[in-house]
1. Assuming a ≥ b ≥ c are the square roots of the Cα gyration tensor eigenvalues, decide whether the chain counts as rounded (a/c under 1.5), prolate (otherwise, with a/b larger than b/c) or oblate.
2. Let me know the charge dipole size of region 186-254 about its Cα centre in debye, to the nearest 20, where only the beta-carbon of Lys, Arg (+1) and Asp, Glu (-1) is charged.
3. At a Cα cut-off below 19 Å, give the aspartates and glutamates reachable from LYS42, other chains included and same-chain residues fewer than 8 away excluded.
4. For region 1-154, which whole percent of the accessible surface, found with a 1.4 angstrom probe, sits on carbon and sulfur atoms?
5. On a full-extension model of 0.36 nm per residue, what is the gain between ALA161 and ASP224, subtracting their alpha-carbon distance, rounded to one decimal in nm?
6. How much of the DSSP beta bridge set in region 1-130 is antiparallel, as a percent to the nearest 5?
7. Note down the magnitude of the dipole of region 1-92 about its Cα centre, charges +1 on Lys and Arg C-beta and -1 on Asp and Glu C-beta and zero elsewhere, to the nearest 20 debye.
8. How much area per residue is accessible in the chain when the probe is 1.4 Å and only protein heavy atoms are counted (Å²)?
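The values are calculated or read from the model by the stated rules, or taken from the named source; none is laboratory data. Because the structure is a prediction, the values reported are computed rather than measured. Cβ sites come from the backbone with ideal geometry, for glycine too, and all protein chains shown count toward neighbours. Side chains included, ligands, DNA and RNA excluded: accessible areas come from the protein's heavy atoms. Shrake-Rupley method; radii C 1.70, N 1.55, O 1.52, S 1.80 Å.
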Amino acid sequence: MATTGKPNIHLYSASTANGIKASILLEELGLPYKVTKIDISKNTQKEPWFLEINPNGRIPALTDTFDDGEQIRIFESGSILQYLVHRYDKDHQLSYPRGSREYWEVNNWLMWQMGGLGPMQGQAVHFNRFTPTKIEYGITRYVTETRRLYRTLDDHLKKSASGYIVGDKVTIADIACWGWASAAHWSGINLEEFPAVKSWMYTLLKRPGFENGRHVPTRNTFLDMLNQSNEEIAGQAAPYLEWVQKSMKEDSQK
């Protein structure tokens, strides 16, 4: 594979819907990388050393040696995906040439995930799992919008001859959306309503890059929840409720 410069990639991440995007792409590209687990339950991502890498205090983040020989930091999962394919996917195994019709279509779906599916599903998770008291308006609002977004993706995939989101191959559009789809049940979404999305998700899981990448830096359990009841999932969420509320309080006082 042609590359620009020798990879010196260090990934800082956790096995979340956003975190596994970077590791899946790294595995798919076959790039060497180091990984440091960030324990978000202990707010490691808010420690000063990490804020030097990502001033927003979120995962994933990545460092690499840039063309000038100096370290570069990349944060925000979508930015990491774009950086990696731009710099290391010169043969377009998982991308399309810049400026092509397919390139912009990939960009459409990446922005759709970053600005729509991720934030809406994230809020659905919050109101379903991490509020001290259930706020039905919040649950209805965000689960309804998340369902609308899954319907959008499902309708699109039904029209795809290849079964991928863009063109005839896996791209960062698929990678960006996959982690969220695998966690759909956690937010109150039943993928049985969206057969094209479910088929796409499991088809991609057959690829070693997806199977291996989703378990970086620790085993990912999202798909295990597809066979669990809401009560069982609530039990798994319970230990994190206090942490979420504490973090919100600390952020409000800064």
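1. Values: a/c = 1.89, a/b = 1.17, b/c = 1.61.
Oblate, since a/c reaches 1.5 and b/c is not below a/b.
2. 360
3. LYS42 reaches GLU52, GLU242, GLU250, ASP251.
4. Values: 3830 of 7410 Å².
Here carbon and sulfur together make up 52 percent of the probe-accessible area.
5. Numbers: separation 63, 0.36 × 63 = 22.68 nm, distance 2.93 nm.
That pair, ALA161 and ASP224, stretches by 19.7 nm at full extension.
6. Values: 8 of 13 bridges.
Restricted to region 1-130, the bridges split so that about 60 percent are antiparallel.
7. Numbers: 10 positive and 12 negative charges, 59 e Å.
Using only the charged Cβ atoms, the result is roughly 280 debye.
8. Working: 12450 Å² over 254 residues.
Accessible surface, normalised per residue, equals 49 Å².
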